[in-house]
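Working notes, structure below.
Here, each number is a calculation from the coordinates, and none is a lab measurement. All of these numbers come straight from a predicted model, not from anything done at the bench. Neighbour counts run over all protein chains shown; Cβ positions are idealised from the backbone, glycine included.
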Amino acid sequence: MRIRVDRRELLHAFQTVSSALPAGRSGIAVLQNVKLAAEGKNVSLMATDLEVGVRYVIEGGEVGEPGALVIPADTIASVCNCFGICTCCCRRR
């Protein structure tokens, strides 16, 4: 998977879907993660606490290679907040 999206849009999408993550530590580790999927020209982020799920679609991103991956929520927050650049490029090998 290879994508390029606006950093501010990615941060906004992450903040929106993270509202569905369980507060504190969950006994189910995957619930502390956000699913990032890319297909066509859309990048979507999804999260759930098994009662409520939130999906946010970023339209108009550049998708070089479609795919999906699950990323720890704190990793996405770090990536979005530490870079001052306008676009984020993600690539899964």
- Tell me, in nm to one decimal, what length is gained between VAL57 and LYS35 on full extension, where the rule is 0.36 nm per residue of separation less the Cα-Cα distance? 6.8 nm
- Taking the mean number of other Cβ atoms within 10 Å as a proxy for protection, how do you rank 46-56, 32-42 from highest to lowest? 32-42, 46-56
